[in-house]
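What follows draws every value from the coordinates through simple rules; no lab data is involved. Source: prediction; values computed, not measured. Cβ: placed from backbone, ideal geometry, glycine included. Neighbour counts: every protein chain shown.
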Amino acid sequence: MKFYNREKEIERLLRIKKASEKTAQFAVMTGRRRIGKTQLLLEAYKNTALYFFVAKKSEALLCKDFQTELLQKLNIPILGTVESFAELFEFVLQLSYNQQITLIIDEFQEFFTVNSAVYSDMQRLWDLHKDRAKINLVVSGSVISLMHKIFENNKEPLFGRANHFFRLKPFETRVLKEILTDFNPNYKADDLLALYGFTGGVAKYVQLFMDNGWTTKDQMINGMIDENSIFISEGKNLLVEEFGKDYHTYFSILALISEGKTSRSEIENVLGKEIGGYLTKMENDFQLIKKTQPIFTQSRTKNVKYQLLDNFLTFWFRFVYRYIHIVEIGAYEQLQIIIHRDFETVSGFMLEKYFRIKAVETQKYTQIGSFWDRKGETEIDFIAVNELNKTIDFAEIKRNKEKINLEILRQKAYEFLKTNPQLKDFEAHYHAWSLEEM
């Protein structure tokens, strides 16, 4: 699959590189695994950068790899055996006194495993050489909690050293439509919804789908649920390193959220234990879930739901983790049947999320959310407000437009507006959104 999108990120990366011709630049790029960080950096710098991958092996072997990279890219051999990354880093910093150098260090958080003293060494060397160096240092990492610790914890040596931060996001909905059109011009709305729902716009997943010819909903389901599919173990591989030895509790919470148990009390009733600390870590440290509440509700309300942010993980916990007993006996066809059977039901949530994300991408609104009361009597799928031109959009979202009753939506909106008098002068618009509007 060709390289899609990321024009804004590439433009910014090139501006930073240009600035490094005069003064040292230090950029940090984070984002979940498979999101496309490495591919973006290599695309932006087109073989003009030194690329160093921090694999899980000894520091001496990593230094040998880095020496090979220096020889291949800059034709600069380093005589003798070098077993300290700090020594090589200082060599590159001094080399950049006389020439601009871009250095990419990928999976930067793995130095915690290799030699955690590297971070202190880099801080010392950066402070010593940055005023003379013409270096564009870009470090990238996929373990969000560790990257957060390295650069945002004021007790860590590299705190305050980076001057550029990237949080790489999934492909936007328009890009997914562009990609699917290129590979399947006659796709149906359900195919687009499946692509969005299963991949969430994660670049590597989209590439795997397209390269394997999975361009319809049925092909995607059958391709993902197969004994040779990477997607079977992907959820566990993504999160075990983040969560550590207590991952079973985290997994149980995420599984319950994926199944629709979205309040803390519901989850605690099932697990029989207090989970406040787990929820806080998953929201703030791991950035996997989001606390949601009705739009325009005071922040102290107890009317709170939790939402899994990552579409693929929502799918994985809802089907693969939940039915792991089926996976363990290799009955993949049976699991395929279950997903085909339940797709129409679970895709309703995917569709609501699709339209909310699409609204965010338009940048037309100042607030976007939904509404529900504690009694469950009034629920509105989509509310978006533009406080500048004083307009408010209400939408009911269902797969089948024929099941949407705009009069009922107006009645719900009336109840909502009664409790939000600050919106009484806003011009209201009412929408029926379905698969047809994707």
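A few comments on the model shown:
- Selection within region 233-266: residues that are under 26 Å from Q293 (Cα atoms) and of a type in the set (G, A, S). The member of this set that is nearest to the chain's Cα centre (by Cα) is S258.
- Count - residues of region 56-78 that are within 19 Å of S116 (Cβ to Cβ) and of a type outside the set (G, A, S): 7
- Of residues in region 274-317 being among the hydroxyl-bearing types (S, T, Y) and in a loop (DSSP other than H, G, I, E, B), the one nearest to A194 (Cα to Cα): T297
- Per-region count, region 403-420, residues surrounded by fewer than 17 Cβ atoms within 10 Å (Cβ to Cβ) and of a type in the set (A, V, I, L, M, F, W, C): 3
- The helices (runs of 4 or more DSSP H) found entirely in region 188-273 that carry 3 or more residues being of a type in the set (D, E, K, R) are 231-243, 264-271.
- Looking across region 243-273, just one residue is under 30 Å from Q109 (Cα atoms), among the β-branched types (V, I, T) and surrounded by fewer than 20 Cβ atoms within 10 Å (Cβ to Cβ), and that is T249.
- Of all the residues in region 29-69, those that are out of contact with any Leu (no Cβ under 9 Å at 6 or more places or on another chain) and either within 25 Å of R132 (Cβ to Cβ) or acidic (D, E) (or both) number 4.
- Checking I326, I339 one by one, the residue that is free of Cβ contacts under 8 Å to residues at least 40 places away in the same chain, part of a helix (DSSP H, G or I), β-branched (V, I, T) and buried (at least 17 other Cβ atoms within 10 Å of the Cβ) is I326 and no other.
- In region 221-242, residue surrounded by the most Cβ atoms within 10 Å (Cβ to Cβ) [restricted to those that are touching a residue at least 12 places away in the same chain (Cβ under 8 Å) and more than 17 Å from F319 (Cα to Cα)]: E242
- Taken together, E396, E361, E344, E377 contain a single residue that is more than 25 Å from the chain's Cα centre (by Cα) and surrounded by fewer than 14 Cβ atoms within 10 Å (Cβ to Cβ), which is E377.
- Of the residues making up region 156-173, those that are touching a Lys or Arg at 6+ places or on another chain (Cβ under 9 Å) and more than 16 Å from G36 (Cβ to Cβ) number 5.
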